[in-house]
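Trainee: Take this structure, written in structure tokens, and hold onto it; I'll ask about it next.
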Amino acid sequence: MLHYRVVEKKRPGDEFTEGKYYGCLVNPGKIDLNGLAKRISATCTVTRADTLAVLSALQDEIIYALQSGMRVHLGDVGCFRLTCRGKGVERKEDFRVSQIEKLKVVFHPNKTLQEALAVSNKEISFYNVETAPAEAETTEPDEEQGV
């Protein structure tokens, strides 16, 4: 179930115009490597400790691969890759590595993940954290709310 609340958003710099209300997802919590290991070990024959070791190694290997300039493909989840930001120069010959100012990790979800998280997916339900529990929505969300 995805939690959301309704928030007003106005156009930046236009404080006099009425805003519109949109659905905004709220994270009810987080799951860490230990939590993932516990859930995975509950669904297969691998122990939590073994699963945690593999997930920890996976984390290290993703970092190593990105630092090496590789894309990291994680099956039906998607892929990670690096991009960079920096200062431009007028001529190609004038460019120096020192002009790269920031690296950013970009995640591209795979089609399987996109379909699993599609709002039209009947397995996803929505819960407004600002209303009573009886008002949880299990039908398609209201388009006007932007959920």
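Trainee: Which residues, taken from the stretch 8-34, are surrounded by 12 or more Cβ atoms within 10 Å (Cβ to Cβ), of a type outside the set (Phe, Trp, Tyr) and over 22 Å from residue 121 (Cβ atoms)?
Mentor: 10, 19, 20, 33, 34
Trainee: I want to confirm something. Restricting to the stretch 57-76 and keeping residues that are polar (S, T, N, Q) and over 20 Å from the mean Cα position of the chain (by Cα), which single residue is farthest from residue 106 (Cα to Cα)?
Mentor: Restricting to residues being polar (S, T, N, Q) and over 20 Å from the mean Cα position of the chain (by Cα), the top hit is 68.
Trainee: Has the stretch 29-38 got at least one residue that is more than 27 Å from residue 3 (Cα to Cα) and out of contact with any Leu (no Cβ under 9 Å at 6 or more places or on another chain)?
Mentor: Within the stretch 29-38, the first condition is being more than 27 Å from residue 3 (Cα to Cα), and the residues that meet it are none.
No, there is no match, as no residue in the stretch 29-38 is more than 27 Å from residue 3 (Cα to Cα) and out of contact with any Leu (no Cβ under 9 Å at 6 or more places or on another chain).
Trainee: Can you pull out every residue in the stretch 7-29 that is under 20 Å from residue 116 (Cα atoms), of a type outside the set (A, V, I, L, M) and either at pLDDT 85 or above or not in a loop (DSSP other than H, G, I, E, B) (or both)?
Mentor: 23, 24, listed by residue number.
Trainee: Now for a different question. Quick one: is residue 4 at pLDDT below 90 and among the hydroxyl-bearing types (Ser, Thr, Tyr)? Step through it out loud before you land on a result.
Mentor: On the way: at pLDDT below 90: yes; among the hydroxyl-bearing types (Ser, Thr, Tyr): yes.
Judged against the criteria, residue 4 is a match.
For (1) in a strand (DSSP E or B); (2) of a type in the set (Gly, Ala, Ser); (3) out of contact with any Ser or Thr (no Cβ under 7 Å at 6 or more places or on another chain), each residue gets a yes or a no:
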| residue | (1), (2), (3) |
| --- | --- |
| 39 | no, no, yes |
| 58 | no, no, yes |
| 79 | yes, no, yes |
| 84 | yes, no, yes |
| 93 | no, no, yes |
| 98 | no, yes, yes |
| 103 | yes, no, yes |
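Trainee: Continuing with this model, one more query. Looking at the stretch 116-134, is at least one residue assigned to a helix (DSSP H, G or I), modelled with pLDDT of 85 or more and touching a Lys or Arg at 6+ places or on another chain (Cβ under 9 Å)?
Mentor: The initial filter retains those residues of the stretch 116-134 that are assigned to a helix (DSSP H, G or I), namely 116, 133-134.
The next check asks that each one be modelled with pLDDT of 85 or more; those that pass are 116.
Next, only the ones that are touching a Lys or Arg at 6+ places or on another chain (Cβ under 9 Å) stay: none.
Taking every residue of the stretch 116-134 in turn, none turns out to be assigned to a helix (DSSP H, G or I), modelled with pLDDT of 85 or more and touching a Lys or Arg at 6+ places or on another chain (Cβ under 9 Å).
Trainee: Would you mind finding the one in 57, 53 that is loosely packed, with under 11 Cβ neighbours inside 10 Å and without any contact (Cβ under 8 Å) to a residue 24 or more places away in the chain? Write out each step before concluding.
Mentor: Working: 53 fails: loosely packed, with under 11 Cβ neighbours inside 10 Å.
None of the others qualify; the one that does is 57.
Trainee: Test residue 92 against the stated conditions and say whether it is at pLDDT 90 or above and open to solvent by 100 Å² or more (accessible area, probe 1.4 Å).
Mentor: On the way: at pLDDT 90 or above: no; open to solvent by 100 Å² or more (accessible area, probe 1.4 Å): yes.
Criteria not met by residue 92.
The values are calculated or read from the model by the stated rules, or taken from the named source; none is laboratory data. Given the structure is predicted, the values throughout are model-derived calculations rather than measurements. Counting neighbours? That spans all protein chains shown, and the Cβs are built from the backbone with ideal geometry, glycine included. Accessible surface areas use protein heavy atoms only, side chains included; no ligands, DNA or RNA. Shrake-Rupley method; radii C 1.70, N 1.55, O 1.52, S 1.80 Å.
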